[in-house]
Ligand SMILES: C[S@@+](CC[C@H](N)C(=O)[O-])C[C@H]1O[C@@H](n2cnc3c(N)ncnc32)[C@H](O)[C@@H]1O
């Protein structure tokens, strides 16, 4: 649930983000967090689900993690977040603890390409918010961690249409998915897994 502790950390992170943008802090040093309304949207997707297991690829300082973790706290579940930048990881841990969400969100510190194959869990929602060139291979890696009914949410598909247009087109052309671009903020590709990948047909 969104209590005063969560709201206070969200508000501080929004103020810090605005300040860093105003001071033109280099992109790689900034949080690059989702827009507040995207956070509210993520919250709305997970809050009604029972025992909702969330995988977040690109945790940064924890802004989107807080929205997701506050949502899953209603009906149970947890958020597993992947982040490889040590200073972002340190901030993530501080922010999640300050919001009182350390029992609901967990961080794996390291490269998602290495971390993902070692994860055995099955997820109900995957939030993809890492480097834009990596969306497709990271989607493929995370694809084996979900079952039919799971939802992939990928941010920035309209703000980075030149890089991520192919990602959206590939998801929308995949008969194993139902995928739609939601024109909220920077653009979100929502892809529901309809059925398992078919096994290869036997030779002959
Ligand atoms: C756009 S930011 C994520 C913002 C975050 N979702 C939020 O809204 O607060 C992208 C993050 O992904 C991380 N990242 C990029 N590639 C990664 C990888 N291969 N493994 C783990 N983290 C990665 C970056 O360090 C950066 O913090």
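Of note:
- Taken together, the residues in region 140-167 that are under 26 Å from residue 30 (Cα atoms) and free of Cβ contacts under 8 Å to residues at least 40 places away in the same chain amount to 12.
- Residue satisfying all of: in region 16-36; in a loop (DSSP other than H, G, I, E, B), within 10 Å of the ligand (Cβ to nearest atom) and out of contact with any helix residue (DSSP H, G or I) (no Cβ under 7 Å at 6 or more places or on another chain); farthest from residue 92 (Cα to Cα) among these: 35
- The set of residues in region 37-57 that are touching a strand residue (DSSP E or B) at 6+ places or on another chain (Cβ under 9 Å) and part of a helix (DSSP H, G or I) comprises 38, 41, 42, 45, 46.
- Options 13, 107, 42, 66; residue that is within 12 Å of the ligand (Cβ to nearest atom), in contact with a helix residue (DSSP H, G or I) (Cβ under 9 Å, 6 or more places away or on another chain), modelled with pLDDT of 95 or more and within 20 Å of residue 119 (Cα to Cα): 107
- In the condition set (1) within 16 Å of the chain's Cα centre (by Cα); (2) closer than 21 Å to residue 142 by Cα, residue 71 is compliant with all but (2).
- The residue list 60, 87 contains one member that is in a helix (DSSP H, G or I) and either out of contact with any strand residue (DSSP E or B) (no Cβ under 6 Å at 6 or more places or on another chain) or touching a residue at least 40 places away in the same chain (Cβ under 8 Å) (or both), which is 87.
- The condition of being near the ligand (Cβ under 10 Å from one of its atoms) and not in a loop (DSSP other than H, G, I, E, B) holds for only one of 151, 125, 138, that being 138.
- If you filter region 69-84 down to residues that are in contact (Cβ under 8 Å) with a residue 60 or more places away in the chain and surrounded by fewer than 24 Cβ atoms within 10 Å (Cβ to Cβ), you find that the one that is farthest from the ligand (Cβ to nearest atom) is 74.
The values are calculated or read from the model by the stated rules, or taken from the named source; none is laboratory data. Treat the numbers as computed from the prediction; the structure is a model and nothing was measured. Cβ: placed from backbone, ideal geometry, glycine included. Neighbour counts: every protein chain shown.
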